[in-house]
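Written out below as structure tokens is the structure these notes cover.
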Amino acid sequence: MSDTATIPNAAMTTQEVVEWTKKLNYGTWKYQKSWNPMHVVDAEGCYFTDANGKRYFDLSSQLMCSNLGHKNPAVIQAIVDQAQKLPYILPGYATDARVELSRLLLDVLPEGLTKFFFTTSGTEANEAAFKIARMYTGKTKIVARYRSYHGSTMASIGATGDPRRWAMEPRGKGQGFVFAPEVNCYKCPIKHTYPECGIACADYLEHMIRNESDVAAVIVEPVVGTNGVLVPPKEYMPKLREICDRHGVLLIADEVMTGWGRTGAWFCMDHWGVKPDILVTAKGITSAYVPLGLCATTGKIAEYFEDHFFAHGHTYEAHPMTLAPAVATIHEMQRLDLVNRSKEMGKYLGEKLNALKPKHPSIGEVRGLGLFWALEMVKDQQTKAPFNTMQDKVDGKMAVVEKVAGDMLKRGVAVQAWISHFVIAPPLIVEKSELDFAIDVLDQSLAIADAAINT
Ligand SMILES: Cc1ncc(COP(=O)(O)O)c(C=O)c1O
């Protein structure tokens, strides 16, 4: 590749496409010199295809977002139809797509969420949630948890507990976020044991609210996603709801990853019958065909803004091209009964993953809900010591789980690896035979982690 003056216009070789991409674009969350992107040219169903024609089974739905799989004809048609009808109009106008989606949302969201703000990402939806919570309560602080990811902008990275925040400490992050311990019964951060603990991690959070003062909201991923698919015990979320009510603090459910059938319910909070004051989602809302995020609030919060200035908005808010495919996505989910399918196939996937544990000394825990699972990898099952740490991640050190994922890719399966675990979340349309193939590949590649135990 030569300099930018000779950028070719005609078809490029794969090597050129990769090299130009690296030269002209940023790769996210990494040292740039370590970025070596695959040239992807096609995707269909649960597979995507590279420029050499090799197909990969997608065991993590890209970024846990391609829930319907790729090239769903109904969603594609909705995009075409909307482009022909009304590709853009400023968000101050009413549109058919907007009202159609909003009315459908009333059917699928947890009860009580009746007013909607549409964004173009999960990050922006969280930004809206924080601003709404602060405007509505007149208070400032947001309690988040250490094992969390809420987005990449100043406020949402400020609310993020995981090490992606560290590089922005403190200069590049919004202020007013404080961190509580996560709920993690495998490795409890406050060294308790469930159920004798009585959900002490929630008590600790209440202690924080009492001692911080000025707390507007608590934000939780109902099942923590990227940071390990941490499923709370059944008492946690109802207890958190009570705590928030007792202190006049809003409860924000970040369902960017857990929404849209991923956990075997339309929304993860449905598992516990807990109603958040604000629910944020994105990703699966359009099965990632177009960028859409949603910040949904209760009628009570909405009522407040009848007589108070709603100080928020975007040019692309409620963009018609993002809303029409969301309508089609919901209809497709209903037609294919994907929420129940996630529950059923999730049981099958869980059994298959649990069957790996006795074979691999490197597996610490298998956990999940619906079609949302993690394998936590350890170098010692007794001490639960991980192969890699958060510090390794920010130091750019290649993790053992990344080596396993690299080997799986060679064998035709793509999986998300993060620090010392895998996030296993195939498209909700997945077939049993596809899971058999992918878990067989995982089984083989885990030999790399088993061998790394004594290194
Ligand atoms: C729980 C959660 N919240 C927020 C976000 C940010 O969403 P986006 O990447 O669409 O901005 C993510 C992204 O992975 C997420 O998993």
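Scanning segment 210-222 for residues that are buried (at least 21 other Cβ atoms within 10 Å of the Cβ) and away from the ligand (no atom under 16 Å from the Cβ), we see that the one that is nearest to C268 (Cα to Cα) is A216. Just one residue in the set G364, G370, G346 is at pLDDT 95 or above, in contact with a Pro (Cβ under 9 Å, 6 or more places away or on another chain), surrounded by 16 or more Cβ atoms within 10 Å (Cβ to Cβ) and under 22 Å from N184 (Cα atoms); that residue is G364. The selection criterion, being more than 16 Å from the ligand (Cβ to nearest atom), charged (D, E, K, R), assigned to a helix (DSSP H, G or I) and more than 18 Å from G228 (Cα to Cα), holds for R134.
Residue-by-condition table, conditions (1) over 24 Å from G122 (Cα atoms); (2) out of contact with any helix residue (DSSP H, G or I) (no Cβ under 9 Å at 6 or more places or on another chain); (3) within 16 Å of the ligand (Cβ to nearest atom):
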| position | (1), (2), (3) |
| --- | --- |
| G27 | no, no, yes |
| K30 | no, yes, yes |
| H39 | yes, no, no |
| C46 | no, no, no |
| T49 | yes, yes, no |
| N52 | yes, no, no |
| Y56 | yes, no, no |
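Remark: pairs (first residue in segment 99-124, over 14 Å from G259 (Cβ atoms); second residue β-branched (V, I, T) and within 16 Å of the ligand (Cβ to nearest atom); Cβ separation under 6 Å; 6+ apart in sequence or on different chains) = T123/T153.
A Cβ distance below 6 Å, combined with a sequence gap of six or more or placement on separate chains, defines the contacts here; from segment 290-317, residues that are assigned to a helix (DSSP H, G or I) reach residues that are hydroxyl-bearing (S, T, Y) in the pairs G299/T114; I301/Y136; Y304/Y136.
Remark: pairs (first residue in segment 60-87, under 30 Å from H421 (Cα atoms); second residue of a type in the set (F, W, Y) and surrounded by 20 or more Cβ atoms within 10 Å (Cβ to Cβ); Cβ separation under 7 Å; 6+ apart in sequence or on different chains) = N67/W260; H70/F48.
Yes/no matrix, rows are residues, columns are (1) closer than 21 Å to S121 by Cα; (2) more than 16 Å from the ligand (Cβ to nearest atom); (3) surrounded by 23 or more Cβ atoms within 10 Å (Cβ to Cβ):
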{"position": "V224", "(1), (2), (3)": "yes, no, yes"}
{"position": "G228", "(1), (2), (3)": "no, no, yes"}
{"position": "Y236", "(1), (2), (3)": "no, yes, no"}
{"position": "F267", "(1), (2), (3)": "yes, no, yes"}
{"position": "A282", "(1), (2), (3)": "yes, no, yes"}
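The lone criterion from (1) more than 15 Å from the ligand (Cβ to nearest atom); (2) within 22 Å of D203 (Cα to Cα) left unmet by R98 is number (2). Checked against the criterion of being within 16 Å of the ligand (Cβ to nearest atom) and out of contact with any Asp or Glu (no Cβ under 7 Å at 6 or more places or on another chain), segment 67-87 contains one or more residues that satisfy it. Among residues of segment 101-123 being within 16 Å of the ligand (Cβ to nearest atom) and β-branched (V, I, T), the one that is surrounded by the fewest Cβ atoms within 10 Å (Cβ to Cβ) is T120. Residues of segment 39-66 that are in contact with an Asp or Glu (Cβ under 7 Å, 6 or more places away or on another chain), surrounded by 15 or more Cβ atoms within 10 Å (Cβ to Cβ) and aliphatic (A, V, I, L, M): none at all. K173: charged (D, E, K, R) and more than 16 Å from the ligand (Cβ to nearest atom), yes or no? Spelling it out, it is not the case that K173 is charged (D, E, K, R) and more than 16 Å from the ligand (Cβ to nearest atom).
The values are calculated or read from the model by the stated rules, or taken from the named source; none is laboratory data. Given the structure is predicted, the values throughout are model-derived calculations rather than measurements. Note that we place each Cβ from the backbone using ideal geometry, even for glycine, and neighbour counts take in every protein chain shown.
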